[in-house]
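Below is one structure, written out as structure tokens, with a few remarks after it.
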Amino acid sequence: MRLVIKVYVVYSYLSMNKTKTVIYLDNNATTPPHERVLEKTFEWLKLWGNPSSIHGHGRGPKNLMREARRKISEMIVASNPLEVIFTSCGSESNNLVIRGTFDYFYKTNPKKNVLICSAIEHPSVIKTMKALEPRGAEVKIIPVSRSGEIDLAVYENMLNDKVALVSVMSASNESGVIFPIKKLAKIARQKEILFHTDAVQALGKIPLGVTHWDVDFASFAGHKVYALRGCGVVYAKRGTILESLITGGGQERGRRCGTENLLAIAALAEMSVEVKSVEAKKNKMEALRDYMENRILSEISDVEIIAQTAKRLPNTSCLIVSGVSGETLLMNLDLKNFSVSTGSACSAGNPEPSAALLAMGISHAEAQSSLRLSLGWNTTKEEIDLFVDALKDVVVRLRKIAQMRELENTL
Ligand SMILES: Cc1ncc(COP(=O)(O)O)c(C=O)c1O
């Protein structure tokens, strides 16, 4: 019997139809650089001078950076370009806000030592807060239900005058759940507590504005919106104080020292027009995502969509495919030229199930059967149809193999 299974497995791999192009459904991990970014990269590279230099070679880069800061501040609807701080990535932005705020209170008011975040934050939030525990930080976690909700009364009860900072993501990288940032920030503000939102996944997928949210801080990353890796952004509301993590030459008004990555900054600024017209992109992605989910639910048995009834990002779908390991699904789909994910890319290679899914009350086994699909601005219906056909094929085959294994064990 064991031999039969082996032959079946080998046969099934050999009989896979290879599609010619790779279909990318992992846009929450990163996005391909936009055509206009690729076209202009060489032009930007020619401005190689240091934007801090006051001679001629610095002037071009300085002007490009000033213009980029203005465009990016408009893109996130800040009230002043000087509220934009350039970093290297989303993780650094989150670190800067959390460590920078903690350090500030550590020096000025050490009784304010409580840091609060939701249970499903990205590791660059949760792990950063926990890393501050040996220095006296007390970390409190806001629970999130299986349907992706935060109980506002529970949240409000957690807030007191010992709280230095609350950090809640605008939208989840895994389930796509969108949190009510305006409401959460308002409650924190009423108690005079600083509020940060990790908006890395929200940008380019839903309309947003830091002024509308009325938050103190927000984080963003260029590579999630078809720009380039190497540019993160912290929005810091005018008047808020952050200790810099990197001491040095005083760039970014002393809040993030080190020579800026002008190429990646210019690329993000180039995408600001696209991001500002996100409504149409949102509607297109949402219609395709819903079409994909409907096909999956009607054509493949025993599949659940995590937080399906919650307000979610228009491009994200996190499935639990019962009886099949997410990792095996991913590898099989990869062989058929589909790029998908089993959780956040940052956890790829980690055999442990996603901490964020477990925190929503999803069981260990369910989390291990999860598959995250994230559509992009240019995903097409043809790609979705090819993907669902392939998924159906792979799931049926893997479930058959599992059944044969079970049968073998009973013999
Ligand atoms: C919600 C969220 N925050 C932060 C990050 C980290 O961003 P980066 O990879 O640019 O460091 C990610 C990356 O996937 C993310 O999804």
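Data table
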| quantity | calculated |
| --- | --- |
| Residue match in the range 71-79 (condition: within 25 Å of the chain's Cα centre (by Cα), within 16 Å of the ligand (Cβ to nearest atom), outside any loop (DSSP other than H, G, I, E, B) and at pLDDT 95 or above) | yes |
| Residues (of a type outside the set (A, V, I, L, M, F, W, C) and under 14 Å from His122 (Cβ atoms)) located in the range 140-177 | Ser167, Ser170, Ser172, Asn173, Glu174, Ser175, Gly176 |
| Residue match in the range 162-181 (condition: free of Cβ contacts under 8 Å to residues at least 40 places away in the same chain, within 16 Å of the ligand (Cβ to nearest atom) and touching a strand residue (DSSP E or B) at 6+ places or on another chain (Cβ under 9 Å)) | yes |
| All positions within the range 100-118 that are in a helix (DSSP H, G or I), surrounded by 21 or more Cβ atoms within 10 Å (Cβ to Cβ) and not aromatic (Phe, Trp, Tyr) | Gly100, Thr101 |
| Residue match in the range 328-349 (condition: at positive phi and either aliphatic (A, V, I, L, M) or away from the ligand (no atom under 16 Å from the Cβ) (or both)) | yes |
| Residue under evaluation Glu243, criteria (1) modelled with pLDDT under 95; (2) in contact with a strand residue (DSSP E or B) (Cβ under 7 Å, 6 or more places away or on another chain); (3) among the charged types (D, E, K, R), criterion not met | (2) |
| Ile187, sole failed condition from (1) within 21 Å of Ile241 (Cβ to Cβ); (2) in contact with a helix residue (DSSP H, G or I) (Cβ under 7 Å, 6 or more places away or on another chain); (3) free of Cβ contacts under 8 Å to residues at least 60 places away in the same chain | (1) |
| Test: residue in the range 111-129 that is more than 15 Å from the ligand (Cβ to nearest atom), in the same structural domain as Pro143 (by TED's automatic domain parsing) and either acidic (Asp, Glu) or free of Cβ contacts under 8 Å to residues at least 24 places away in the same chain (or both) | no |
| Unique match (being on the phi > 0 side of the Ramachandran plot, touching a helix residue (DSSP H, G or I) at 6+ places or on another chain (Cβ under 6 Å) and assigned by TED's automatic domain parsing to the domain that holds Gly204) among Gly230, Gly239 | Gly230 |
| Residues being away from the ligand (no atom under 11 Å from the Cβ) and surrounded by 24 or more Cβ atoms within 10 Å (Cβ to Cβ) - total across the range 229-241 | 3 |
| Any hit, the range 194-205, residues being touching a Ser or Thr at 6+ places or on another chain (Cβ under 7 Å), more than 16 Å from the ligand (Cβ to nearest atom) and in a helix (DSSP H, G or I) | no |
| Any hit, the range 278-287, residues being buried (at least 22 other Cβ atoms within 10 Å of the Cβ) and in contact with a Pro (Cβ under 6 Å, 6 or more places away or on another chain) | yes |
| Meets criteria (free of Cβ contacts under 8 Å to residues at least 40 places away in the same chain, at negative phi and within 16 Å of the ligand (Cβ to nearest atom)) for Ile142 | yes |
| Tally, over the range 215-247, of residues that are within 21 Å of the chain's Cα centre (by Cα) and not in a strand (DSSP E or B) | 12 |
| Among the residues listed as Leu96, Leu47, Leu64, the single one being assigned by TED's automatic domain parsing to the domain that holds Ala188, closer than 27 Å to Pro207 by Cα, surrounded by fewer than 21 Cβ atoms within 10 Å (Cβ to Cβ) and of a type in the set (A, V, I, L, M) | Leu64 |
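Matching residues to (1) within 19 Å of the chain's Cα centre (by Cα); (2) within 23 Å of Lys276 (Cα to Cα):
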| position | (1), (2) |
| --- | --- |
| Lys62 | no, no |
| Glu83 | no, yes |
| Gly100 | no, no |
| Phe105 | no, no |
| Glu121 | yes, no |
| Ser124 | yes, no |
| Met129 | yes, no |
| Ile150 | yes, no |
| Ala153 | no, no |
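The values are calculated or read from the model by the stated rules, or taken from the named source; none is laboratory data. Since this is a predicted model, take the numbers as computed values, not measurements. Every residue, glycine as well, gets a Cβ built from its backbone with ideal geometry; the counts of neighbours run over all protein chains shown.
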